[in-house]
Amino acid sequence: PTDIPYRIPALACTQSGTLIAVADYRHSGTDIGVTNYGRIDLRYSLSYDNGNTWTEVMPLIEGKGANSPDFMNVGFGDPCIVADRESERVLLLSCAGNVSFQNGTRQNHQCIARFYSEDGGKTWGAPEDIAEGIYAQFDNSNYGPVRSMFVASGRIFQSRMVKIGEYYRLYCAVLVRDKSATHMNYVLYSDDFGGEWHILG
């Protein structure tokens with residue numbers, strides 16, 4: 001088939017009731033890094049009536065593929081998302097770059113791209129790569145330095161009970177290939193709505 005496939009949907013509902021649906025738009029037809037310089041975009045749509053109708057599908061960010069000026073902007077995929085329960089802030093994390101999870105190394109791994117919306121998902125800021133701050137927490141552990149990390153696609157969870165300062169705590173699952181290439185799952189948590197992440201346990 002010649003159609004560009006959509007994959008890996010993520011869904012969130014804002015405190016005002018807007019549904020936000022995000023998914024990969026895979027020009028490359030496959031995962032990040034499997035095709036060298038494979039372009040993957042993130043696209044999104046909004047619903048203001050509980051999913052009965054949706055806006056047109058819009059680009060959240062377009063991967064640059066072989067025309068990328070840097071490593072991160074080659075492609076973006078596997079989004080996970082959360083809408084803050086008390087404001088219109090929305091956080092989205094995605095994998096990004098030009099190397100697959102399986103081929104990642106401590107020195108050459110996927111980026112973890114962080115996006116914020118301040119208006120309930122209508123518009124989105126530019127991505128920031130937050131991978132190094134998370135990878136570094138494993139460097140001196142029994143399992144590190146880890147080779148690669150995959151941010152769990154789909155959903156970031158927000159606690160209903162634990163609130164530190166302005167925000168309720170966030171939890172996000174990650175798949176990790178440790179120093180011996182063993183696959184392990186960890187949970188990251190953040191008390192400032194994704195500004196800084198820490199390893200649970």
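The values are calculated or read from the model by the stated rules, or taken from the named source; none is laboratory data. Bear in mind that the values here come from a model prediction, so they are computed numbers and not experimental data. In this analysis, Cβ positions are derived from the backbone assuming ideal geometry, glycine residues included, and neighbour counts consider all displayed protein chains. For accessibility, only protein heavy atoms count, side chains too; no ligands or nucleic acids. Shrake-Rupley method; radii C 1.70, N 1.55, O 1.52, S 1.80 Å.
Please go through the stretch 131-146 and give me each residue that is open to solvent by less than 30 Å² (accessible area, probe 1.4 Å) and either acidic (Asp, Glu) or out of contact with any Pro (no Cβ under 9 Å at 6 or more places or on another chain) (or both), ordered by number.
Residues of the stretch 131-146 open to solvent by less than 30 Å² (accessible area, probe 1.4 Å): 131, 134-135, 138, 144, 146.
Scanning the stretch 131-146 gives Ala131, Ile134, Gly144, Val146.
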Failed item, numbered, when Asn98 is tested on (1) crowded, with 22+ Cβ neighbours inside 10 Å; (2) in contact (Cβ under 8 Å) with a residue 40 or more places away in the chain; (3) in a strand (DSSP E or B): (3)
Within the stretch 153-201, considering residues that are part of a strand (DSSP E or B) and of a type in the set (Ser, Thr, Tyr), the one nearest to Phe101 (Cα to Cα): Tyr186
Check on Glu88, over 17 Å from Pro9 (Cβ atoms), in a loop (DSSP other than H, G, I, E, B) and not small (Gly, Ala, Ser): yes
Matching residues in the stretch 147-176 - criterion: being charged (D, E, K, R) and open to solvent by less than 50 Å² (accessible area, probe 1.4 Å): Arg169
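For (1) touching a His at 6+ places or on another chain (Cβ under 8 Å); (2) more than 25 Å from Leu170 (Cβ to Cβ); (3) among the polar types (S, T, N, Q), each residue gets a yes or a no:
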position: Ala10; (1), (2), (3): no, no, no
position: Arg26; (1), (2), (3): no, yes, no
position: Ile32; (1), (2), (3): no, no, no
position: Thr55; (1), (2), (3): no, yes, yes
position: His109; (1), (2), (3): no, no, no
position: Ile112; (1), (2), (3): no, no, no
position: Phe115; (1), (2), (3): no, no, no
Residue in the stretch 28-49 that is farthest from Ile81 (Cα to Cα), counting only those that are among the aliphatic types (A, V, I, L, M) and not in a strand (DSSP E or B): Val34
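Got a number for residues in the stretch 107-130 being over 14 Å from Thr14 (Cα atoms) and open to solvent by 50 Å² or more (accessible area, probe 1.4 Å)?
Just the residues of the stretch 107-130 that are over 14 Å from Thr14 (Cα atoms), to begin with: 107-115, 124-130.
Okay, now just the ones that are also open to solvent by 50 Å² or more (accessible area, probe 1.4 Å), so 107-108, 126, 128-129.
Residues flagged as over 14 Å from Thr14 (Cα atoms) and open to solvent by 50 Å² or more (accessible area, probe 1.4 Å) within the stretch 107-130 amount to 5.
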Criterion (more than 17 Å from Asp31 (Cβ to Cβ) and free of Cβ contacts under 8 Å to residues at least 24 places away in the same chain) met by exactly one of Asp70, Asp119: Asp70
For Asn140: the one exception among (1) assigned to a strand (DSSP E or B); (2) farther than 23 Å from Thr35 by Cα: (1)
Test: His198 is touching a residue at least 40 places away in the same chain (Cβ under 8 Å), open to solvent by 50 Å² or more (accessible area, probe 1.4 Å) and more than 20 Å from Glu118 (Cα to Cα): yes
Filtered residue count, the stretch 16-30, keeping only those that are surrounded by 14 or more Cβ atoms within 10 Å (Cβ to Cβ) and under 19 Å from Arg155 (Cβ atoms): 7
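How many of the residues in the stretch 177-188 are open to solvent by 50 Å² or more (accessible area, probe 1.4 Å), out of contact with any Gly (no Cβ under 8 Å at 6 or more places or on another chain) and either of a type in the set (Ser, Thr, Tyr) or under 16 Å from Ala136 (Cβ atoms) (or both)? Spell out the reasoning first.
Going through the stretch 177-188, the residues open to solvent by 50 Å² or more (accessible area, probe 1.4 Å) turn out to be 179-180, 182-183, 185, 187.
Applying the additional criterion that residues be out of contact with any Gly (no Cβ under 8 Å at 6 or more places or on another chain) yields 180, 182-183, 185.
In the following step, the residues that additionally are either of a type in the set (Ser, Thr, Tyr) or under 16 Å from Ala136 (Cβ atoms) (or both) were identified as 180, 182.
Here the count works out to 2.
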Residue match in the stretch 40-61 (condition: in contact (Cβ under 8 Å) with a residue 60 or more places away in the chain, acidic (Asp, Glu) and open to solvent by less than 30 Å² (accessible area, probe 1.4 Å)): no
